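Notes to accompany the following structure.
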Amino acid sequence: MPAKPPHADEITLKEALGQDRGDCTPCRVIGSLAFIGLGGYTYISGMSQLAAKEAEIARANTRFGIGIRRLGIQGTAVGLFGLGLYRFFWT
């Protein structure tokens, strides 16, 4: 199939990227609040579920105890919170 010839009204990728104005402020606010909210929800929900199952986890003979699970929940929550801050200030 032969290549389509360029038309006068088509712009190149470089021109399109040059015209990009970035995100609008409401988009940045909503996106960042979504990540921050997910981080908060992950922390609160994860810690409450971990506290409810703490005795069962302590009885189980696994190499992943409470400490590493708590660290995983905290790391995930901090990561999501950090993504929210990144989304608001640096994108």
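The values are calculated or read from the model by the stated rules, or taken from the named source; none is laboratory data. Please read all numbers here as calculations on a predicted model, not as lab measurements. All Cβ positions, glycine included, derive from the backbone under ideal geometry; neighbour counts span all protein chains shown. SASA here: full protein model, heavy atoms, side chains in, ligands and nucleic acids out. Shrake-Rupley method; radii C 1.70, N 1.55, O 1.52, S 1.80 Å.
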Using alpha carbon centers only, the stretch 34-91 is separated from the stretch 14-32 by a whole-angstrom value of 31
Give the angle, between 0 and 90 degrees and rounded to the nearest 10, that separates the Cα long axis of helix 25-52 from the longest principal axis of the Cα atoms of the chain.
20
Per-residue ellipticity at 222 nm attributable to helices in the chain (runs of n ≥ 4 DSSP H, -39500 (n - 2.57) apiece, nearest 500 deg cm²/dmol) works out to -24000 deg cm²/dmol
Size of electric dipole in the chain: Cβ of Lys, Arg +1 and of Asp, Glu -1, about Cα centre, debye, nearest 20:
520
The correct pair for the stretch 1-84, radius of gyration to one decimal and Dmax as a whole number, both in Å and from Cα atoms, is 23.8, 73
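Counting heavy atoms of the protein chains only and a 1.4 Å probe, report the per residue accessible area for the chain as a whole number of Å². Display every interim value, and only then the final one.
Details: 7440 Å² over 91 residues.
Accessible area per residue, the chain: 82 Å².
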By how many nm would the segment from ALA16 to ARG59 lengthen if fully extended, with 0.36 nm per residue of separation less the alpha-carbon distance?
9.5 nm
